[in-house]
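Heads up, the thing below is written out as structure tokens.
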Amino acid sequence: MTAIAPRFGPQLIRLLLVTAVLTVGLLGALAGTASAHAALTGSDPKDGAVVDVAPREVTLTFSEQIAMGDDSIRVLDPSSKRVDVAKMQDLSEGGTVRYAVGLKPGLPDGTYTVAWQAVSADSHPVSGAFTFSVGAPSATTATVPDQEAGGGLVGTLYDTVRYISYAGFILLVGGAAFVLACWQRGASVRPLQRLVVGGWVTLTAATLVLLLLRTPYTGSGKLGDMFDLGGLSDVLDTKTGAALVSRLLLLGAAALFIAVLFGAYAKRVTEAESEAESEQDREGNAEAGKAKADLAFGLSLGGTVVAAGIAGTWALSEHASTGIQTGLAMPLDVLHLLAVAAWLGGLVSLLVALYRVPDLERAAVRRFSRIAFTSVVVLAVTGVYQSWRQVGSWDAWTDTSYGQLLLVKIGLIAVLLGAAWFSRRWTGLLGEDAKTAEAGAEADADAEVGVDVAEEDVAEAGTPADPERAVQLARQRTALATARKKRDRDADTERSGLRRSVLIEACVALVVLAVTTALTGTEPGRTQEKEVSRTGTEAAAPAPARPVNLTEPFDTGGTKGKGTLRLTIDPAGPGTNLMHVWIDGPDGKPMDVPEVKVAYTLKSQQIGPLPVVPERLAAGHWSAGNVQIPMPGDWHLQVTVRTSDIDQTTIEKNVKIG
């Protein structure tokens with residue numbers, strides 16, 4: 001078997017470094033698009049509402065089942081003091097998910113802030129805040145966390161460890177499958193042993209870190225709370241905590257599997273090969289082969305069960321466990337993860353073998369090529385179903401973060417399949433008639449004679465007493481060994497091409513894994529559309545606030561009842577605004593009137609009318625410096641001008657706020 005020289009060592013290092021940088025950058029860029037599955041779809045009082053009497057409780061309605069604690073809903077008065085009392089109540093019934101918290105009696109007028117935080121059914125934290133007012137809006141000093149739940153340093157660290165856990169699973173399962181299904185002799189090869197064991201260590205360590213990070217990730221956001229034993233106890237009672245603990249238990253079984261694979265099984269494979277080389281004891285050869293086959297069957301069956309169980313810990317705690325058709329989605333998600341591991345993990349194993357093992361059989365490469373093709377077919381079938389289930393509509397492919405990320409993943413997989421096509425092409429060349437290789441070997445025989453003779457001369461020379469002569473012979477031996485390696489390397493163009501294409505596949509696979517990790521933390525398109533249909537509006541960034549300038553003629557019908565109203569609202573955005581009103585007579589000069597009143601109404605959200613009584617600054621000039629507008633929208637403005645005790649008129653106009 002022709003030896004494989006590490007021809008592309010420097011290129012390998014550079015390409016992997018560039019890919020790692022791109023992957024980290026991609027994770028960072030996608031972190032801002034990640035959002036959770038559940039969402040607030042309604043509240044009582046509504047966001048921005050102004051009520052005459054303080055409510056007895058605040059009620060929140062969500063799009064799907066969530067996990068909340070007694071401190072998950074906080075209501076703050078204008079001075080930022082808590083006014084919620086008693087424990088949170090679960091009012092969910094049927095398909096409606098609703099929670100409520102009671103308020104202290106006799107709350108004074110002003111603006112109140114409601115801050116909430118929970119964990120969605122697919123394990124991601126969700127949070128938010130809104131305001132309502134009693135009597136009339138007021139200034140408030142209430143503060144809520146600047147960052148969303150699951151964000152900041154803790155969120156970045158958690159997402160990174162999730163990526164690492166996926167990578168560990170792929171190396172563990174894919175490496176073991178490559179040894180059992182493609183290259184049994186690889187069980188005794190050190191580089192492959194280190195790869196599989198490294199995958200197990202990586203996945204185990206990442207799972208432990210994820211378990212510790214759950215408390216700050218879904219709660220305080222403080223990294224130091226990862227060692228809070230009380231918080232860890234609460235995590236163990238959740239679905240995600242149970243899944244992580246189950247994963248650790250299954251990894252214990254995986255450790256036993258690895259010990260048998262690289263211990264007893266590797267020994268049986270070596271013994272079977274040694275006995276097969278001797279034809280003297282055919283009965284012994286048959287017994288050794290049967291023992292090896294029985295052990296391989298047991299390892300394959302047990303390994304499949306353990307691998308499926310580990311994959312199931314993701315399916316039971318993430319997107320597949322929520323939404324529609326969960327009974328079908330979870331088994332297909334397990335199958336999808338196993339196919340990913342068999343393809344990408346086997347790809348990395350093949351890459352390691354091509355670079356580190358000098359005698360990888362051509363048959364092993366062909367076996368992996370067939371397994372990779374089968375894995376791609378499984379991924380295509382399960383991926384189409386997952387896309388339909390999570391995206392929901394054609395518009396969601398481009399209008400939602402999940403759909404856009406999925407398009408990026410599909411594009412990367414297309415590149416990956418292109419590289420895989422070249423790998424299959426090189427694999428086919430490896431499998432050509434052996435006579436071609438024999439003919440090439442005979443053609444090179446004459447060229448090898450000089451090297452072989454030189455090696456024999458060096459060997460016969462032995463180790464001379466002269467130290468200088470010994471150094472010279474050592475240099476000759478090194479030069480001869482280098483010449484032989486170069487000759488073998490240059491003669492094996494098929495393996496060189498295969499190494500290049502597999503290396504490209506592995507690098508693209510790293511980026512695909514980063515996008516996949518981001519997808520598992522992004523709200524599915526079907527859910528985003530469901531939220532839009534429930535609320536009737538689509539979340540969008542508010543337009544920049546612009547001052548409103550209004551000029552309207554009026555006529556109250558009485559003596560000196562005609563004039564012109566000029567009104568400005570600055571900056572005409574949510575929050576505090578400055579309003580000026582000028583009244584001009586028919587001659588364009590300031591006109592003094594007894595009273596001016598203003599009211600704002602947002603009919604689409606049933607907010608208002610919010611009354612404003614400006615102060616008279618001078619003849620024909622009124623002003624209000626603390627006009628509170630709760631939210632952007634098309635507000636209906638009513639300005640009442642009274643010119644005498646009985647003569648007045650109301651000017652109505654729609655104005656854009658925000």
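The values are calculated or read from the model by the stated rules, or taken from the named source; none is laboratory data. Since the model is a prediction, treat every value here as computed from it, not as a measurement. Neighbour counts are summed over all protein chains in view; Cβ atoms, including those assigned to glycine, are modelled from backbone coordinates with ideal geometry. All accessible areas refer to the heavy atoms of the entire protein, side chains included, with ligands and DNA or RNA removed. Shrake-Rupley method; radii C 1.70, N 1.55, O 1.52, S 1.80 Å.
Is the stretch 299-308 home to any residue that is under 19 Å from the mean Cα position of the chain (by Cα) and farther than 19 Å from W183 by Cβ? No, the stretch 299-308 contains no residue that is under 19 Å from the mean Cα position of the chain (by Cα) and farther than 19 Å from W183 by Cβ. Inside the stretch 644-658, residues that are outside any loop (DSSP other than H, G, I, E, B) and either of a type outside the set (S, T, N, Q) or open to solvent by 70 Å² or more (accessible area, probe 1.4 Å) (or both) make up a count of 8. A count restricted to the stretch 48-59 and to residues that are within 30 Å of E318 (Cα to Cα) and either surrounded by fewer than 18 Cβ atoms within 10 Å (Cβ to Cβ) or at pLDDT below 85 (or both) stands at 1.
Restricting attention to the stretch 199-241, which residues are outside any helix (DSSP H, G or I) and surrounded by fewer than 19 Cβ atoms within 10 Å (Cβ to Cβ)? Answer for the stretch 199-241, where residues must be outside any helix (DSSP H, G or I) and surrounded by fewer than 19 Cβ atoms within 10 Å (Cβ to Cβ): S220, K222, D228, D237, T238. For the stretch 587-603, the criterion of being modelled with pLDDT under 85, assigned to a strand (DSSP E or B) and open to solvent by 40 Å² or more (accessible area, probe 1.4 Å) is met by none of the residues. Name the single residue that is modelled with the highest pLDDT among those in the stretch 62-89 being surrounded by fewer than 17 Cβ atoms within 10 Å (Cβ to Cβ) and either part of a strand (DSSP E or B) or in contact with a helix residue (DSSP H, G or I) (Cβ under 9 Å, 6 or more places away or on another chain) (or both). Ranking the qualifying residues of the stretch 62-89, first place goes to R82.
Being open to solvent by 30 Å² or more (accessible area, probe 1.4 Å) and either touching a Phe, Trp or Tyr at 6+ places or on another chain (Cβ under 9 Å) or farther than 21 Å from G199 by Cα (or both) is a description that does not apply to F368. The residues in the stretch 90-114 that are at pLDDT below 85 and in a strand (DSSP E or B) can be counted, and the count is 4. For the stretch 604-643, the set of residues classified as within 17 Å of P547 (Cα to Cα), assigned to a loop (DSSP other than H, G, I, E, B) and open to solvent by 40 Å² or more (accessible area, probe 1.4 Å) consists of P630, P632, listed by residue number. Residues in the stretch 247-266 that are touching a residue at least 24 places away in the same chain (Cβ under 8 Å) and either aromatic (F, W, Y) or out of contact with any Ser or Thr (no Cβ under 6 Å at 6 or more places or on another chain) (or both): L250, A253, A254, A255, F257, I258, V260, L261, F262, A264, Y265.
Checking each residue in the stretch 271-320 for being under 25 Å from V197 (Cα atoms), open to solvent by 40 Å² or more (accessible area, probe 1.4 Å) and at pLDDT below 80 picks out E271, E273, K292.
One line per residue, one yes/no per condition, for (1) open to solvent by less than 30 Å² (accessible area, probe 1.4 Å); (2) modelled with pLDDT under 85; (3) under 18 Å from the mean Cα position of the chain (by Cα):
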| position | (1), (2), (3) |
| --- | --- |
| L332 | no, no, no |
| A339 | yes, no, no |
| A342 | yes, no, no |
| V348 | no, no, no |
| R356 | no, yes, no |
| Y385 | no, yes, no |
| Q390 | yes, yes, yes |
| A396 | yes, yes, yes |
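Could we say that Y99 is closer than 21 Å to T141 by Cβ, among the aromatic types (F, W, Y) and open to solvent by less than 30 Å² (accessible area, probe 1.4 Å) here? No: the conditions fail for Y99. Quick check, is R190 open to solvent by 30 Å² or more (accessible area, probe 1.4 Å), farther than 26 Å from S120 by Cα and at pLDDT 90 or above? Yes; evaluated as a whole, the condition is true for this residue.
Taken together, the criteria place A255 among residues that are modelled with pLDDT of 90 or more and either among the small types (G, A, S) or closer than 18 Å to S188 by Cα (or both).
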